[in-house]
Amino acid sequence: MSTEVITTISPSTNEPVLTRNGLSESDVALLPALSTQAFNTFRLTSLEERQIIVKRALKLLSDKQHVLARELTEQMGRPIAYAAKEITTAVARGEYLLKISSDALKDTQGEPEKGFKRFIRKAPIGPVLVLFAWNYPYLILVNSLIPALLAGNSVIIKPSPQTPTIVEQVQEIFAEAGLPDKVIQYFHCGSLTRLESIVRSPQIKLICFTGSVAGGLQVQRAASGRVVSVGLELGGKDPAYVREDVDVKWAAEEIVDGAVFNSGQSCCSIERVYVAENIHAAFVSAVQDVLKGYKLGDPFDQSTNIGPVVSKKLAETIKAHVQDALDKGAKDLTPENESFASPPAGGNYIRPTLLSEVNHDMDVMKEETFGPIIPVMRVGNDEEAVRLMNNSEFGLTASIWTKDTAKGEELANHVEAGTVFVNRSDFPSPVSQFGHTTNNRYADRSKDLAWTGWKNSGKGVTLSVFGFDQFVKLKSFHVKQHLS
């Protein structure tokens, strides 16, 4: 099969900005063997040596943040005012993983017994295939790449065609940091079908996929003919519940931010809002006030809050969800805003949209929208809110907003999601997506929270000490002293 030409289309203009050549299937099939050769040497390095390389690479990544930020804005459309913060957050996350790596990868001692030495060692698993998305490419890649390397594995990475330069930059940075040749390899590919040969390769020992449910299932099916772990971070339809005791103005500011930051293009964006009936009108009014202060526009303008969505196809999906809701009785209560009415021509600009009178008969309350839409549904009590929050095929994150944090925690215990927040959202620990309205200072924590999805939001774990587990296999040592 001939190589493919992959074109990146600007979300801001719908004009081509980059092209890359994909590998032929035969060339892709060679990557696992090269990765295995590199692994057989790299696995023999000490953890301390690997930590030094990762530390250098994170410093180089930080030094290039402004160059990398411009690439992000050009390729996926995030406003330049926020683009560099993804790099600083990715570096902070990498530093956290680096800091806990000695603890996460150390031997576990067995029960003491006279005359015996017994322990469990964590051995590197082998070549890892990382397939990752465009919406937060550095953050997503760091989640897998850093623990994989620290554990002693080699890595093959494939970026989204929307953000092809990420892997090129990362490979160059790690080479400069001293990583041996071929420990990181990358390839460009625009079709999941073309990935099947490498997914099926017995030399690939772990597959980490971040993307759509359909894409994740396709990768899982391709891998199903052999025994191999597949980590999946997929979609979300993340709910927020606003209780009647909350400070309405504050909650509105936080929830709007959690819903429309990055134009709503986050697996953990707020996509459903349930509000106690007796504060519904006040909450809607407060959201309107917040939206009046947002600016939709050119992502290279420093004053822009909301840029375009990534593609025409996504823009059409978002519009279809909104229209379906309106056709079924929802009300568009989006306030007047000059920037919403006259976005730049040519791009995939979707105005932040506030919908009221929504229900679960509407697509916007059931299917992942992945856009800056805020559907608000009134609820009569806590029990109804939790029931509706759980009425979804997804279970990535959920948030409860209340002054009574004890009650919030009690309710969160009944919510079916991998991460539950009380009075916060869109904040994967140990460091946030950016802390767009919250404090994003990296905390010196030796242990922090895991990132995992329930239901169709995925399987597997990243971040925290548990985020290293998929990159190692356990080997039990049972040594009996020789009796002479």
Tell me, what does the Kirkwood hydrodynamic radius of the chain come to in angstroms if you use every pair of distinct C-alpha atoms?
23.5 Å
How large a share of the accessible area of the chain, in percent, is made up of carbon and sulfur atoms when the probe is 1.4 Å and the other protein chains stay in place?
50 percent
For the stretch 312-366, the charge dipole (Cβ of Lys, Arg +1; Cβ of Asp, Glu -1; about the Cα centre) points to a positive end, and the Cα of 314, 326, 350 closest to that extreme belongs to 314
What number, in percent, do you get for the relative contact order of the stretch 251-389 if the mean sequence gap of Cα pairs under 8 Å and at least 6 apart is divided by its residue count?
35 percent
Write down the accessible area per residue of the chain in Å², having rolled a 1.4 Å probe over the full set of protein chains.
42 Å²
Compute, for residue 186, the solvent-accessible surface of its heavy atoms (probe 1.4 Å) with the complete set of protein chains present, and express it in square angstrom to the nearest 10.
70 Å²
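Before anything else, pin down the relative contact order of the chain: Cα pairs under 8 Å, at least 6 apart, normalised by residue count, whole percent. Mind dumping the intermediate values first?
Values: 1071 pairs, mean separation 94.6, N = 484.
Computed over the chain, the figure is 20 percent.
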Run the 1.4 Å probe and let me know the accessible area of residue 394, rounded to the nearest 10 Å².
20 Å²
Taking the stretch 93-194 and dividing mean pair separation by its residue count, relative contact order in percent (alpha carbons under 8 Å, at least six apart)
24 percent
Bounding extents of the stretch 107-179 in its principal axis frame from Cα atoms, largest first in Å, are 59, 25, 17
Distance-filtered residues of the stretch 103-144 - backbone nitrogen under 17 Å, label point 7 angstrom along residue 46 Cα→Cβ
103, 105-107
Name the long-range amide H neighbours of residue 184: under 5 Å, sequence gap of 5 or more, or other chain; modelled H, no Pro or chain starts.
155
Which residues make up the longest stretch of the chain that has no GluC sites (Glu not before Pro) in a DSSP loop with at most 11 other Cβ atoms within 10 Å?
114-335
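The values are calculated or read from the model by the stated rules, or taken from the named source; none is laboratory data. Model, not experiment: these values are computed from the prediction. Cβ atoms come from the backbone with ideal geometry, glycine included; neighbour counts cover every protein chain shown. Each accessible area value is taken on the protein alone, full model and side chains, heavy atoms only, with ligands, DNA and RNA left out. Shrake-Rupley method; radii C 1.70, N 1.55, O 1.52, S 1.80 Å.
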